[in-house]
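Novice: Supplied in structure tokens, the structure appears directly below.
Please treat every number below as a calculation from the coordinates, not as lab data. Every value quoted in this text rests on a predicted model; they were computed, and no experiment measured them. We place every Cβ from the backbone using ideal geometry, glycine too, and count neighbours over all the protein chains shown.
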Amino acid sequence: MATTLQSVGLTALGGLLWSGYTDEVKASPLVLRPPGAIKEDDFLTACIKCGLCAEACQNRETNLDKETGLAKEGTLKMAKGGDHKLIGTPYFIPTEVPCYMCEEIPCVPVCPSGALDQLSVSNDKGELDINKASMGLAVVHKESCIAYWGIQCDACYRACPLLGEAITIEMQRNERTGKHTFMLPIVHDDVCTGCGLCEIACVTEKPAIFVLPNEVSKGVAGDHYVKGWDKKDQDRVKNAKEIKTTTERSNKSSADYLNSGDLY
Amino acid sequence: MNKIKYLLLRRFTQVGILILYFGANAYGWNILAGTFGSSLLFGTIPLADPYTTLQVLATGFVLGADVLLGAVIITFFYFIVGGRAFCSWVCPINMVTDLANWLRRKLKLDKDEVNYRFLKRNARYWIMVLGLIVSAVVGISAFEVLSPITIMQRGIIFGFGSGIAVVLAIFLFDVFGVKNGWCGHLCPLGASYSLIGKASVIRVEHDHEACTACMECKVVCPENHVLHMINKESIHVLDGECTNCGRCIDVCGDDALKFSIRNYLKK
């Protein structure tokens, strides 16, 4: 009896420690996943840590060095101890090796668990389409981007695999000189796949354009904001019913607000 | 040579399997790719670890059919060859803990029998169930975040990082802490294969007539409570915790032990 009680008690203790540790190690928000990865929370659950995606990435035909004919380092790495990412899960670091957006997306169909969703990178015809990937979003830090200083640079724009779509150049008059043009890179989040080719192409010491995971880089306006000029968005409130809310009004405040003293 | 036949065979399979996994990543071989969590045999047949699969299912995630089919295939395979045959013929940690055990014997650390009051051999079953509960509560497969087995395997395939510390910790624990501490007391993966082993087909058979009671087998056996029939009766080793490692068969000078097909009809 006593030993059973002890076993139960020690198991509960172990369970608390184990849960705490497990909960901590899954918190790594700044991580970029392979194309087709489902939402980060679900991804951490679903990934069975087999490494088939990373192996497919490493051994794809396009990964051979043109001069030596040997395989280069693949994009996808498997998190190991010390990487501070959930151990055994695939990720990539654009400044080391970006995602080259292979047309045949070798990393996705091999996933056995459903952590990489083939449908999310397929077009309407059911063919693989890497342009549908959304691994993250490139963000420009204006203060360190030399194009925003007025220096001509379009490295990111030219490196982008979706040239002229994911990053466009916006012309603006340079008021400081009065006779030059700012050529500013603007990222479009509906097109950008987060491959990171812009980040590795960026000429500044630490890239002024960098890819962040969608959860980090994107805000959410909230359901209650409706774009009245956008037919699709407006349709969301097609069936909305009118809700009348009445707030009781103070009769005094409108008359007395000048006397209250908290005008400033 | 006959004294280490199964030992050599086991090392050959263990290392061979690791080389195949390594080559799948490094050279694109298409024989055995992935890791123990989930693998692909000859580029077509899915394999998956049953306990890992259960952990993911415990989180409530609906796994891909490949993993489910793979888990069924692996369960059936080890039902045939002996549940914990995984532990002694495949698992790379086995080489670490076998080395630790050998060192223990050399350092004469086993002289005094120690009774570990809180660490019984059935702790692994508690941990196995706990792993599923923690997976369900936290929402990620709990054993996979610290499993020295896959950490070591991935380390060999993709590079260790600081994960090597876990493997070293297991080694130190087994040498200076508890004898057979990891594999024989704690490992929930081994526990899950023990459950398959309870019903397995290929088992070690003891021949009481031939036995001279030298007890060499009990000295080398990492789970020697499974050998309770030695010099008592001629039956199969039916305990699921037997790893089918064959060390007892190797060291037996009387041919009193051998692998054979279990007789399900005999009580």
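Novice: Taking beta carbons within 10 Å but only from partner chains, what does the mean come to for residues A:197-208?
Specialist: Mean shielding count: 0.
Novice: How big is the C-alpha Rg of the range A:25-134 next to the rule-of-thumb value 2.2 N^0.38 Å, as a ratio?
Specialist: With N residues counted in the range A:25-134, Rg over 2.2 N^0.38 Å equals 1.05.
Novice: Follow-up. Name the residues whose placed amide hydrogens come within less than 5 Å of the amide hydrogen of B:LEU257, ignoring near sequence neighbours (fewer than 5 apart) on the same chain.
Specialist: Residues meeting the criterion, in which the H sits 1.01 Å from N, are B:ASP207.
Novice: For the range A:136-216, what mean projected area does the convex hull of the alpha carbons give, in nm²?
Specialist: Directional mean of the projected Cα hull area for the range A:136-216 stands at 5.1 nm².
Novice: Based only on other Cβ atoms within 10 Å, what is the fewest-to-most ordering of B:HIS206, B:HIS228, A:HIS224?
Specialist: Final ranking by Cβ density, sparse to dense: A:HIS224, B:HIS228, B:HIS206.
Novice: Could you list B:ASP207, A:ASP256, A:ASP117 in order of exposure, starting from the residue whose Cβ has the fewest other Cβ atoms within 10 Å?
Specialist: Going from least to most buried by this count: A:ASP256, B:ASP207, A:ASP117.
Novice: Which trypsin sites (Lys or Arg not before Pro) in the range A:1-73 sit in a loop by DSSP (not H, G, I, E or B) and have at most 11 other Cβ atoms within 10 Å of their own Cβ?
Specialist: A:LYS66
Novice: Output wanted: per-residue J couplings in Hz (rounded whole) for the range B:49-61, from phi through Karplus 6.51 cos²θ - 1.76 cosθ + 1.60, θ = phi - 60°, x for Gly and Pro.
Specialist: Coupling constants for the range B:49-61: 6, x, 5, 4, 4, 4, 4, 5, 5, 5, 6, x, 7 Hz.
Novice: Please order A:VAL121, B:VAL219, A:VAL187 by the number of other Cβ within 10 Å, starting at the fewest.
Specialist: Going from least to most buried by this count: B:VAL219, A:VAL187, A:VAL121.
Novice: Mean residue ellipticity at 222 nm from the helices of chain B, using -39,500 (n - 2.57) per DSSP H segment of n ≥ 4 over the full residue count, to the nearest 500 deg cm²/dmol?
Specialist: -14000 deg cm²/dmol
Novice: What residues have an amide H closer than 5 Å to that of A:THR181, excluding those fewer than 5 places away on the same chain, when H is modeled at 1.01 Å from N in the peptide plane?
Specialist: Those qualifying (amide H under 5 Å, at least 5 residues apart or on another chain) are A:ASN174.
Novice: Also, I was wondering about something else. Among A:LYS39/A:LYS132; B:LYS5/B:LYS218; A:LYS49/A:LYS77; A:LYS179/A:LYS206; A:LYS39/A:LYS241; B:LYS5/B:LYS120, which pairs are too far apart, with a Cα-Cα distance over 23 Å?
Specialist: Distance filter (> 23 Å) returns A:LYS179/A:LYS206; A:LYS39/A:LYS241; B:LYS5/B:LYS120.
Novice: For chain B, restrict the atom set to alpha-carbon positions and state the Rg and Dmax in Å.
Specialist: Reported Rg and Dmax, both Å: 18.7, 55.
Novice: Mind checking the log10 I(q)/I(0) for the protein assembly as shown at q = 0.06 Å⁻¹? Debye, one equal scatterer per Cα, no solvent, two decimals.
Specialist: Scattering profile of the protein assembly as shown, log10 relative to I(0): -0.42.
Novice: May I ask you to derive the relative contact order of chain B, considering only C-alpha pairs under 8 Å and at least 6 residues apart, and to give it as an integer percent?
Specialist: Taking the mean separation of contacting Cα pairs over the length of chain B, I get 23 percent.
Novice: Tell me, what HN-Hα J-couplings in whole Hz come from the Karplus equation 6.51 cos²θ - 1.76 cosθ + 1.60 at θ = phi - 60° for each residue of the range B:25-42, using x for Gly and Pro?
Specialist: Per-residue couplings from phi come out as 7, 6, 10, x, 4, 10, 8, 9, 10, x, 9, 4, x, 7, 9, 10, 9, 6 Hz.
Novice: Evaluate peptide A:112-121: per residue, the Cβ atoms of other protein chains within 10 Å of its Cβ; return the mean as an integer.
Specialist: For this peptide, the per-residue mean of nearby foreign Cβ atoms is 4.
Novice: Under a 5 Å amide H to amide H cut-off, with H placed in plane at 1.01 Å, what residues pair with A:GLY81 once short-range neighbours are removed?
Specialist: It is B:SER162, B:GLY163, by chain and number.
Novice: Can you give the Rg/Rh ratio of chain A, where Rg is from the C-alpha atoms and Rh is the Kirkwood radius?
Specialist: Rounded to two decimals, Rg/Rh equals 1.13.
Novice: At a threshold of 8 angstrom on Cα-Cα distance, excluding pairs fewer than six apart, so keeping six or more, what relative contact order does the range A:48-95 reach in percent?
Specialist: Computed over the range A:48-95, the figure is 35 percent.
Novice: Something else now. Residue-wise, which Karplus ³J(HN,Hα) couplings in Hz belong to the range B:215-231, taking 6.51 cos²θ - 1.76 cosθ + 1.60, θ = phi - 60°, and x for glycine or proline?
Specialist: Values per residue, Gly and Pro as x: 6, 4, 4, 5, 5, 7, 5, x, 10, 5, 5, 6, 8, 4, 8, 4, 6 Hz.
Novice: With an 8 Å Cα cut-off and a minimum separation of 6 or more residues, compute the relative contact order for the range A:168-264 in percent.
Specialist: In percent, rounded to a whole number, it is 12.
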